[in-house]
Structures are given as structure tokens and as C-alpha cells.
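Shown next, in C-alpha cells, is the structure this report addresses.
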Amino acid sequence: MRGAIMPDAPAITSAITAALAPLPHAAGRVAPPRVAADGTASVILDVSGLDSAARDTLEADVRRVIGAIEGISAVRVVQTAQKPERRLIAVGSGKGGVGKSTLAANLAIALQRLGFRTGLVDADIYGPSQPRLMQATGERPTAEGKVLNPIATRWGVPMLSMGQLVAPDKALAWRGPMASGALGQLVDAAWGETDTLIVDLPPGTGDVQLSMIQKHRPAGAVIVSTPQDLALIDAARAIDLFNTAGIPILGLIENMAGYVCPHCGEVSDPFGHGGAEKEAARLGVPFLGRVPLDIAIRLASDAGEPPAAREDAAAEPFLAIAGKVAAALNRSPG
């Protein structure tokens, strides 16, 4: 009867197992096949975490070796994948100009260096800057159907940005629903084995932030501010938005905190000092640390050379902040 299991199916199955043994990339990914009376072998492949090229290669190799076995007339392959557990960390600020995007890029790289498999989403739809910061200007992502494939970067952190999808000098006059829809495409891309997504939000507390909270539910939020009172007022508003939505505040970062004159070595505080730490204490949220106002950070960022990727003192504040973020997530990296 067509569809019945062949009487010698155990022998066929053993032959299939032996044929697959020389394929290391198939190990643990092929379920025990079923062989029908007409010789058709039905195979389920677990392609979790593989990109499209690796999936195609695996399927082709499995078809080839099974199809060559005596008694097999056809090979049917079904691919399946488990959705990986992935945490989103929203990096926000109450206002622009506080260095939020620079912090987001360096946080992603620093967490990667600590063992996390991080990706970076530039959700600042109207003012994307991550392609410049991550040295990915001019690169365009591919897509499979409606699913985008993130761009690989030199730093081992894949990324997606609206800046990679539109011309650099093109203004996006989008209303909230369009911007929120674009954010969804960036977040729901083919991130593979990425376990942590750093999402660089636009400044403020508008539609994009609300869509992120409602549809993608971040595991936590990191807020960036400069030390002066005006920035801290807006940072408090951003914190309130996430608190109201029940999103944990992983902490507050004080950026542009202290300037060391490269000529005389004198330290000055053009934006003040310690304001973010005091505000964090007032609001009852963790203080993650300070990043100095350093021309080396600005020059490196403009050149697409994030300081967190370096092996010198410039990386230290970002690695220290990443360590506190990792501890706040209450998990071991990797």
C-alpha cells in the first residue's frame, strides 16, 4: 500500500545514518527519516540559527547523500527552526544631542566583547547615524520576501538602519504609523543566533518609543543624558515613560562628563558633573557610569572606529557600563 513503511525500513534508516555521518554540518539537525513503500524518504531538517546560504547548502547535501542510497527513489525535505530567545535593550534619551547613538553603538560592541551575541537596530528613523558610527555607510541589506537580512560589520555586531534603506540626503516625512512599521521590519529581521538586540531609539517619548514598548517589549531600557539640568529633566521624562509601561530601567548613563585639556591636562566640566548620578539616586534607578567629553571619542566615532572596539583606555568606560548592563539583565553572557 502506497505510503506504508517499508519492511526493511530499519536497514534503510541505518544506511541513511551512515551516509550522513561524513557531513559535520548535519550533525544533530536531521530527524530520523521516514521511508515510504515507493522509496520516498521524508526528512525534517532543523535549520535554527543558519542563514539562507547555510540552509541551502545543508539541504542540498542531505538530498545528495540520501538520494544516492539504494532503494531511495525521491527525497522530500522540510526545514524547521526554533525561534531563538532574544532580549531587546532600548537605549533612549529625553532629548537629542546627548550622544545616545554613540553610546548605543559602543554598548553593542562592548557587550559583544563580553560574550553576548549582539545586534544593533538603528530605530532613529528620522536621523539615522549608526551606518556612519559602525562604518557601514552605503551598504544595503538584502531581503528574503519581506524579511531583511542584517548587515555584517567589522566589529562582529550585525546591524540594520533606515539609513541603509534610503538615500543619505533624503528626508523622511513619515507619520507615526509608517515609522512604527519600519521599526517592526528592522526588529523582526533575520537576526539568526543574536541573543541581544540594542535598539537605538530616537530622542523623546513619541510614537516610535510607544510602538517599541507595545509590540516588542524590551527586557530593559538604558537612558543617556548629559550632566546639565535641562537634559536631566528630559531624561526623567524618558524614564517615566518606561516605568509607566513596566519596562525595567537598567540604568542611567552620564555622557560628556568632564573634559581633559589635551594641552595642559586641566579638567573642566562644561556640562556640569555628577548631575546624572544624583538624578539616578533621586529616581531610584541604577547609575551605570560616566563617559568623558573626549575629542578622541568624537574623532573615532566620526571615522567609524568605535572606541569600545579598541584595546586602550578609550574602551574602558564602555566596557564598565556593559558589565553593569549584563549584571542588570541577571544572566551570564554567551
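The values are calculated or read from the model by the stated rules, or taken from the named source; none is laboratory data. Quick caveat: nothing in here was measured; it's all calculated off a predicted structure. Cβ atoms come from the backbone with ideal geometry, glycine included; neighbour counts cover every protein chain shown. Heavy atoms of the whole protein, side chains included, go into the accessibility calculation; ligands, DNA and RNA do not. Shrake-Rupley method; radii C 1.70, N 1.55, O 1.52, S 1.80 Å.
When only the heavy atoms of the protein chains count and the probe is 1.4 Å, how do 226, 102 rank by accessible area, highest first? Before the final figure, lay out each step's value.
Working: 226 5, 102 35 Å².
Largest accessible area first, the list is 102, 226.
Loop-only trypsin sites (Lys or Arg not before Pro) in segment 31-104, please: DSSP not H, G, I, E or B, and at most 10 other Cβ atoms within 10 Å. Don't skip to the end; give the middle numbers.
Values: sites: 34, 55, 63, 64, 76, 86, 87, 95, 100; in loops: 86, 95.
Qualifying residues, ordered by number: none.
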### Message
Over 5 Å intervals from 0, what percent of Cα-Cα pairs in segment 11-92 sits in each interval?
### Response
3, 14, 26, 22, 13, 8, 5, 3, 3, 2, 1, 1, 0
## Note on the structure
Given backbone amide H placed at 1.01 Å from N, residues whose amide H is under 5 Å from that of residue 79, ignoring those fewer than 5 places away on the same chain, are 45
### Task
Give the percent of DSSP beta bridges with both residues in segment 179-315 that are antiparallel, rounded to the nearest 5.
20
### Query
Based on the alpha-carbon gyration tensor of the chain, what equivalent-ellipsoid semi-axes (square roots of 5 times the eigenvalues) come out, in whole Å, largest first?
48, 20, 18
## Note on the structure
In deg cm²/dmol, rounded to the nearest 500, the helical mean residue ellipticity at 222 nm of the chain, built from -39500 (n - 2.57) for every DSSP H run of length 4 or more, is -10000 deg cm²/dmol
### Message
For residue 289, what residues show an amide H to amide H distance below 5 Å, using hydrogens built from the backbone and excluding near sequence neighbours?
### Response
254
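List the GluC sites (Glu not before Pro) within segment 47-96 that fall in a DSSP loop (any state other than H, G, I, E or B) and whose Cβ has at most 14 other Cβ atoms within 10 Å. Don't jump to the answer; show the numbers that get you there.
Numbers: sites: 59, 70, 85; in loops: 70, 85.
Loop-located and lightly packed - 70, 85.
In segment 211-280, which GluC sites (Glu not before Pro) fall in coil by DSSP and have 16 or fewer other Cβ atoms within 10 Å? Write out the running numbers ahead of the final one.
Details: sites: 254, 266, 277, 279; in loops: 266.
Answer in residue order: 266.
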### Query
Under a 5 Å amide H to amide H cut-off, with H placed in plane at 1.01 Å, what residues pair with residue 120 once short-range neighbours are removed?
159, 160, 198
### Query
How big is the accessible area of residue 103 in square angstrom, nearest 10, if you roll a 1.4 angstrom probe over the protein chains?
10
### Task
Give the span of segment 247-325's Cα atoms along each principal axis, as three whole-Å numbers ordered largest to smallest.
38, 27, 18
### Message
Take residue 54 and residue 79, extend 7 Å from each Cα along the Cα→Cβ direction, and tell me the distance between the two endpoints in nm.
### Response
1.2
### Summary
Taking the chain, the lysine pairs whose C-alpha atoms sit under 27 Å apart (8 or more places apart or on different chains) add up to 14
